[in-house]
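A short worksheet on the structure shown next.
The values are calculated or read from the model by the stated rules, or taken from the named source; none is laboratory data. Just so you know, these numbers come straight off a predicted model, no measurement behind them. What goes into the accessible areas is simple: the full protein's heavy atoms, side chains included, and nothing from ligands, DNA or RNA. Shrake-Rupley method; radii C 1.70, N 1.55, O 1.52, S 1.80 Å.
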Amino acid sequence: MKGKGCLSIFVLALVVGIVGAVIRFYGGKFIDQYTQPWAYSQTEPLLVGTWQGVFRDPDGVSKTLNLRIDVPLTDDERLARTSRKSRRRRKDKRAFDGVATVSSRLGREVYELNGTVDRTNDHQFSLDFTTQDGKYPVTPNFYINDTESSDNQWRADQMRLTLRFAYIRPGGSSFYSSSDPRFKKTVSLELRRVEPAQPNP
């Protein structure tokens, strides 16, 4: 009888654990649809996904910018988190990251993206660009540094960014000249959605 009692307790604990994990998983997804609609809404356009636009850098070089903005938390990451006994505090619910590539006759630039949506307006956001591993394979060149947050807007399938640049010389060192208007120039561009984020049912 003792063996059966222990087995029953074990099965009950297992069932309770599974039910708790399911509730945490789907409950978290349900909450995120309302707290992060720009990433998880099932009915509204999303900020996450792939965007593309064309601009000319301060040297007048025509470039194509591709942005991929990732969901803050994938289903696999969410599942792994629900299975942990001690879960770390979730990161800022307004934050996101991704990858950007810039292509031109000069070559291909690859960036890591870090951004944050505005506290009061999900359609306004800040966005920073960082070259992968801090390397500059295309030089001399005006690399994207960051954006003017007050000008960054997205709505449905359109996005507007104002880019700021850093000039990188051969060898990877940065250079700035206050007397040269190129170094103060910002560039605005319109991007269109190329494809939405991968479905996250």
With a 1.4 angstrom probe the carbon and sulfur portion of accessible area for segment 105-190, in percent, totals 41
Pull out a ≥ b ≥ c, the square roots of the eigenvalues of the alpha-carbon gyration tensor of segment 132-197, then state rounded if a/c is under 1.5, prolate if not and a/b is larger than b/c, and oblate in the remaining case. oblate
In terms of Cα to Cα distance under 14 Å, which aspartates and glutamates are near enough to Lys184, apart from those fewer than 8 places away along the same chain? Asp57, Asp59, Asp146, Glu148
